[in-house]
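Report on the following structure.
The values are calculated or read from the model by the stated rules, or taken from the named source; none is laboratory data. As the structure is a prediction and not an experimental result, all values here were calculated from the model. Cβ placement follows ideal geometry from the backbone for every residue including glycine, while neighbour counts extend to all protein chains displayed. Quick note on the areas: whole protein, heavy atoms, side chains included, nothing else; ligands and nucleic acids left out. Shrake-Rupley method; radii C 1.70, N 1.55, O 1.52, S 1.80 Å.
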Protein chains: 2
Amino acid sequence: MSNIHIFAEKLRSLGLRPTQQRIIIYSLLFDRKDTFHFTIDDLQNILKNTSTKKISLATIYNTIHSLKDKGYLKEISINSEKTYFDTNISKHHHFFDESKRELIDLNDKDVGKIKIKKAVPGKKITSIEVLVKIANNN
Amino acid sequence: MSNIHIFAEKLRSLGLRPTQQRIIIYSLLFDRKDTFHFTIDDLQNILKNTSTKKISLATIYNTIHSLKDKGYLKEISINSEKTYFDTNISKHHHFFDESKRELIDLNDKDVGKIKIKKAVPGKKITSIEVLVKIANNN
DNA sequence: ACGTAATTTATAATGATTCTAAATTAGTGT
DNA sequence: ACACTAATTTAGAATCATTATAAATTACGT
Ligand SMILES: [Mn+2]
Ligand SMILES: [Mn+2]
Ligand SMILES: [Zn+2]
Ligand SMILES: [Zn+2]
């Protein structure tokens, strides 16, 4: 059973035709052990360097947005300069390394329980996310 | 002692000439009791509706960036659609109302102590920020 | 293989932000 | 008050990321 076939099935199960481009992108994003945090620009560069097949920028955007809409990617806003995507769609938090300007996952268990002592009338909490900025020591 | 004169002195003390445009913007931002969260677009609309003097978009950007660079405004990224600025420069957290798409301050004291149980070698924590998304009940 | 709809692609359009260079204004000295 | 100079404002152009368009290609059921 080749990975490609498995990815093709995954895509099909999402209602997305397993095109060559989607399989290449899907395997780049998900055929790895760890969470992958990336920008569209990152992805474009990696694809340029690792894939023989040229994938247009429009297709990169289309594919990422499809995967995001299907709930397979999370979008993360850290600053106005870049938009990040995250293959870890579970509830979790982040370190942001100000030096390398990259995200590192903080498991939900890595953060103590967060107590919110204020409520807004008529509103309920839908999510709580912590962003921990880090920089080089000294 | 008019407010305008006070604002003029404030600006001067920041190394910014108290021009008519800056005084108008400064008083709009800071002559209020509560924190003000806004986008450039918000500011432009408010100025259009409240000020007789027309202020160019370039000047709005210039002024906001000057104030941000001087540490009098904080920039906040919630999502990729808009960039928010915050007149509250103290360490604090936020509610983000998904319905109204607006920010509400969460005082540092309104959030229980946050314990980060993971460290990154060679890195130190420079800030911890919590974003609590809220939506209409039911 | 054929037909058709889905997808990809090059390219154009958009929108927010930044840049540019000319016009205006604020502060200084007379 | 007037003149001078540097700082600031401004309209408009440039840039950059993202989205839209519409023609070419591909996937897939028949
Ligand atoms: Mn990169
Ligand atoms: Mn608004
Ligand atoms: Zn993550
Ligand atoms: Zn705030």
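For the pair B and A, the buried accessible area comes to roughly 3300 Å² in total, with a 1.4 Å probe and the value rounded to the nearest 100. Seen from B:Arg22, the other residues with C-beta closer than 15 Å to its C-beta sum to a net charge of +4, counting Lys and Arg as +1 and Asp and Glu as -1.
Using all Cα-Cα distances in region B:3-77, what percent lands in each 10 angstrom bin from 0 up to the longest? Computed distribution, short to long bins: 18, 58, 24, 0. Over 24 Å between Cα atoms: which of B:Lys10/B:Lys68; A:Lys70/A:Lys113; A:Lys133/B:Lys100; A:Lys74/A:Lys124; A:Lys109/B:Lys100; A:Lys133/B:Lys117 fall into that group? Distance filter (> 24 Å) returns A:Lys70/A:Lys113; A:Lys133/B:Lys100; A:Lys109/B:Lys100. Cα-Cα pairs above 16 Å in region A:90-134: how many percent? Tail of the P(r) past 16 Å holds 48 percent of the pairs. The separation of region A:46-91 from region B:92-136, counted between C-alpha centres, amounts to 25 Å. Looking only at GluC sites (Glu not before Pro) in DSSP loops with at most 16 other Cβ atoms within 10 Å, what is the longest site-free stretch of chain A? Between exposed loop sites, the widest span is A:1-80.
Treating each Cα of region B:58-138 as an identical point scatterer and summing with the Debye formula, the log10 of I(q)/I(0) at q = 0.11, 0.24 Å⁻¹ comes to -0.40, -1.22.
Calculate the translational D of chain B in whole µm² s⁻¹ from Stokes-Einstein, where the hydrodynamic radius comes from the Kirkwood formula applied to all Cα pairs, the temperature is 20 °C and the viscosity 1.002 mPa s.
Answer from the Stokes-Einstein relation: 126 µm²/s.
The longest stretch of chain B left intact once loop-based trypsin sites (Lys or Arg not before Pro) with at most 16 other Cβ atoms within 10 Å are removed from consideration, loops following DSSP, is B:1-31.
Let me check I've understood the local charge: for B:Asn62, count other residues with C-beta under 13 angstrom from its C-beta, Lys and Arg +1, Asp and Glu -1. What total comes out?
Here the count lands on +3.
Among residues of chain B, the one whose beta-carbon sits closest to the B-to-A rotation axis is listed with its distance in Å as B:Ser77, 2. For peptide B:77-85, the mean count of partner chain Cβ atoms within 10 Å of a residue's Cβ comes to 3.
Under 5 Å between amide hydrogens, built in the peptide plane, is the criterion, and for A:Thr39 it picks out A:Phe85 among residues at least 5 positions away or on other chains. What a 1.4 Å probe finds exposed on chain B is 48% carbon and sulfur by accessible area, rounded to a whole percent. With the convex hull drawn around the C-alpha atoms of the protein assembly as shown, the volume per residue stands at 198 Å³. On a per residue basis, chain A carries 58 Å² of accessible surface, using protein heavy atoms and a 1.4 Å probe. Dividing the mean sequence gap of close Cα pairs (under 8 Å, 6+ apart) by how many residues chain A holds gives a relative contact order of 18 percent. Local charge for B:Leu47 was computed over the other residues whose Cβ lies under 9 Å away, with Lys and Arg +1 and Asp and Glu -1, and equals +3. Would you work out which of A:Ile134, A:Phe36, B:Ser51 lies farthest towards the positive end of the dipole of the protein assembly as shown? Charges go on Cβ: Lys and Arg +1, Asp and Glu -1. After comparing all options, I get A:Ile134. In sequence order, region B:129-138 has phi-based couplings of 10, 10, 10, 10, 8, 10, 9, 4, 4, 6 Hz under the Karplus curve 6.51 cos²θ - 1.76 cosθ + 1.60, θ = phi - 60°, and Gly or Pro positions carry x.
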